[in-house]
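The structure under discussion appears below in the form of structure tokens.
The values are calculated or read from the model by the stated rules, or taken from the named source; none is laboratory data. Source: prediction; values computed, not measured. Ideal geometry is used to build each Cβ from the backbone, glycine not excepted, and the neighbour counts take in all protein chains shown.
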Amino acid sequence: MNPITRDVFLNSISTVKKYLKSLDLFKDHRWDVIGKDPMLLGAYERYTSLLLQSTLDLADASISYIKLRKPTSYAESFEILKEHQIISKELQEKLRELAKLRNAMTHDYEYLKLESLEAIRTKRYHDIEEFLAIAEKL
């Protein structure tokens with residue numbers, strides 16, 4: 001795997017920022033309203049999916065940019081970053097959960113619990129911001 005350029009890496013950062021901002025559109029909506037409105041829920045699910053995927057892509061871009069070994073899975077990407085002390089064990093575990101949620105959204109979307117989606121707004125949003133701040137310093 002050839003390392004990516006700085007421009008490609010910075011584009012990955014920009015993409016995560018864009019989807020974080022997209023989820024900000026929902027901050028003034030109560031979750032019970034989002035969950036009952038098919039248009040709001042569909043838009044929220046889509047932006048969440050894009051945010052999760054772009055966060056996973058940023059992990060891979062970070063690894064490539066700083067020339068670490070290639071991961072075999074999204075979850076391993078965060079393990080590699082932890083091994084090289086780029087992220088903490090605590091953040092690694094939280095981000096690994098995002099990889100699982102992304103897989104559930106992609107493959108098991110019929111069984112996805114609304115609480116898992118709500119957790120992005122209430123808990124995981126800040127984990128992504130923390131990872132983004134770390135990536136910006138690479």
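Yes/no per residue for (1) modelled with pLDDT under 95; (2) assigned to a helix (DSSP H, G or I):
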residue: 54; (1), (2): no, yes
residue: 72; (1), (2): yes, no
residue: 76; (1), (2): yes, yes
residue: 82; (1), (2): no, yes
residue: 103; (1), (2): yes, yes
residue: 119; (1), (2): yes, yes
residue: 122; (1), (2): yes, yes
residue: 135; (1), (2): no, yes
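Among the listed residues 32, 28, identify the single one that is assigned to a loop (DSSP other than H, G, I, E, B) and more than 18 Å from residue 91 (Cβ to Cβ).
28
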Selected residue (criterion: nearest to residue 15 (Cα to Cα)) from residues of the stretch 118-130 that are hydrophobic (A, V, I, L, M, F, W, C) and either exposed (fewer than 13 other Cβ atoms within 10 Å of the Cβ) or touching a helix residue (DSSP H, G or I) at 6+ places or on another chain (Cβ under 6 Å) (or both): 128
Residue check, residue 14 closer than 17 Å to residue 136 by Cα, among the hydroxyl-bearing types (Ser, Thr, Tyr) and in a helix (DSSP H, G or I): yes
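Out of the stretch 84-96, which residues are buried (at least 17 other Cβ atoms within 10 Å of the Cβ) and either of a type outside the set (A, V, I, L, M, F, W, C) or over 24 Å from residue 63 (Cα atoms) (or both)?
Going through the stretch 84-96, the residues buried (at least 17 other Cβ atoms within 10 Å of the Cβ) turn out to be 86-87, 91-92, 94-96.
Within the stretch 84-96, 92, 94, 96 qualify.
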Test: residue in the stretch 65-83 that is under 26 Å from residue 7 (Cβ atoms), without any contact (Cβ under 8 Å) to a residue 60 or more places away in the chain, surrounded by 15 or more Cβ atoms within 10 Å (Cβ to Cβ) and among the polar types (S, T, N, Q): yes
Members of the stretch 19-54 found to be without any contact (Cβ under 8 Å) to a residue 24 or more places away in the chain and within 16 Å of the chain's Cα centre (by Cα), listed by number: 21, 24, 46
Which numbered condition residue 4 fails, given (1) buried (at least 17 other Cβ atoms within 10 Å of the Cβ); (2) touching a Leu at 6+ places or on another chain (Cβ under 9 Å): (2)
